[in-house]
Amino acid sequence: MPDRIYLHPIDPELIPGARNAIDVCLRLKPKERLTIITDVATREIAAALQKEVERVGSDYSLFVLEHHARRPLPYMPEIILDDLALSQVSIFAAQTQPGELTARTQMTSVVNNHKIRHGHMVNINREIMLEGMRADFLRVDELSQRLVERARQVKRITCKTPHGTEFEAELSPKLKWLKTSGIIRKDKWGNLPGGEIFTSPQNTNGIFVVDGVVGDYLCERFGDLKDNPLTIEVENNRIVDLRSENKDLRDEFRAYTSTDENSNRVGEFAIGTNTACTHIIGHILQDEKIPGVHIAFGHPYAEHTGANWLSKTHIDCVGRDFDVWFNGEQVMKRGKFLV
């Protein structure tokens, strides 16, 4: 049975971010049904979200992952997937563990098939609830819309940083740009906090210096990479060289991007648009929304971008202080938008 009665002391500082999620990002209505999926480590945030759902008056189910399966999850429990299919709105607010991407993919497949407005709050924590989740998401959406409309007309985006990034993406009109601004619609689930536009590039080349963070479970281990960046050389959309003084980071990143035949392929080219995110905090969920460029190796979100290839992995890479040009016209200078 769902964990329908979930009582936990609620930190009042979490309420503004939780209310933003329920009222602004997901626009939950009283007659709609919602599924919350969480875990023991995230129970305080889940409790704040639950309180806001109850304020709206919607029917809901809440599942604590550890109550239904041993972690790391090899698959998402059927009871959760079945309940999810009955809802119009859903939230995943839990911490990642190695090897759980398949379980989360099963969940988002149900979300996609049933066109559920889904807020993906993977690895959410208190700091993010007090920063990125307090953004004015209507303004973030307006900025994201302006930017994505321009990006859809562009054939080439180049970016540089004072730290050594010189990177270029070639774009194809056959590969769609997506906007995940925090205002979540049924046609595309989104991370919360939101604030990015992204596509799967036709091709990329150059040097990308990751002096922000890397994604998935490596983020928690290595945190902010400002003092020990990872330098990635890409040719024709594939990693050809990795360099870092942190040998563990280099070797683990190489192992991750060697998982399958497309794990070392650039699957995502993205621009962060959440202007409430002003500094690296060492957490991918928020840091990838900082105004600037991030790329990801692996899964290209083919179901949305139209890419014709797949991967079992997806790892984001975030840098700092970007200058960005669309077809030679500068649209960002040192991380500040010019549009």
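Can you name every residue in segment 286-306 that is surrounded by fewer than 24 Cβ atoms within 10 Å (Cβ to Cβ) and in contact (Cβ under 8 Å) with a residue 60 or more places away in the chain? Of everything in segment 286-306, those that are surrounded by fewer than 24 Cβ atoms within 10 Å (Cβ to Cβ) and in contact (Cβ under 8 Å) with a residue 60 or more places away in the chain turn out to be Y301, A302, E303, H304, T305, G306. Evaluating T278 against the criteria (1) more than 18 Å from K226 (Cα to Cα); (2) open to solvent by 40 Å² or more (accessible area, probe 1.4 Å) leaves one unmet condition, (1).
I need the full set of residues from segment 192-207 which are touching a Gly at 6+ places or on another chain (Cβ under 7 Å) and either touching a residue at least 60 places away in the same chain (Cβ under 8 Å) or part of a loop (DSSP other than H, G, I, E, B) (or both), in order please. Across segment 192-207, the qualifying residues are L192, P193, G194, G195, E196, S200.
Which of (1) farther than 23 Å from M332 by Cβ; (2) among the hydrophobic types (A, V, I, L, M, F, W, C); (3) surrounded by 18 or more Cβ atoms within 10 Å (Cβ to Cβ); (4) in contact (Cβ under 8 Å) with a residue 40 or more places away in the chain is the odd one out, the single condition F222 does not satisfy? For F222, the exception is condition (4). Report whether or not L249 is surrounded by fewer than 18 Cβ atoms within 10 Å (Cβ to Cβ) and not charged (D, E, K, R). Taking the combined requirement at face value, the residue does not satisfy it.
If you check S258, S263, S244 for being touching a helix residue (DSSP H, G or I) at 6+ places or on another chain (Cβ under 9 Å), within 25 Å of A103 (Cα to Cα), surrounded by fewer than 23 Cβ atoms within 10 Å (Cβ to Cβ) and of a type outside the set (V, I, T), only one passes: S263. Residues in segment 324-339 that are assigned to a strand (DSSP E or B) and over 22 Å from the mean Cα position of the chain (by Cα): 6 in all.
Test N228 against the stated conditions and say whether it is more than 15 Å from the chain's Cα centre (by Cα), touching a residue at least 24 places away in the same chain (Cβ under 8 Å) and surrounded by fewer than 23 Cβ atoms within 10 Å (Cβ to Cβ). Taking the combined requirement at face value, the residue does not satisfy it. Residue count for segment 143-178 satisfying the condition of being part of a strand (DSSP E or B) and surrounded by fewer than 22 Cβ atoms within 10 Å (Cβ to Cβ): 7.
The values are calculated or read from the model by the stated rules, or taken from the named source; none is laboratory data. From a predicted model like this one, the values you see are computed outputs, not experimental measurements. All Cβ positions, even for glycine, are placed from backbone atoms using ideal geometry, and neighbour counts span all protein chains on display. Keep in mind that these areas ignore ligands, DNA and RNA; they rest on the heavy atoms of the full protein, side chains included. Shrake-Rupley method; radii C 1.70, N 1.55, O 1.52, S 1.80 Å.
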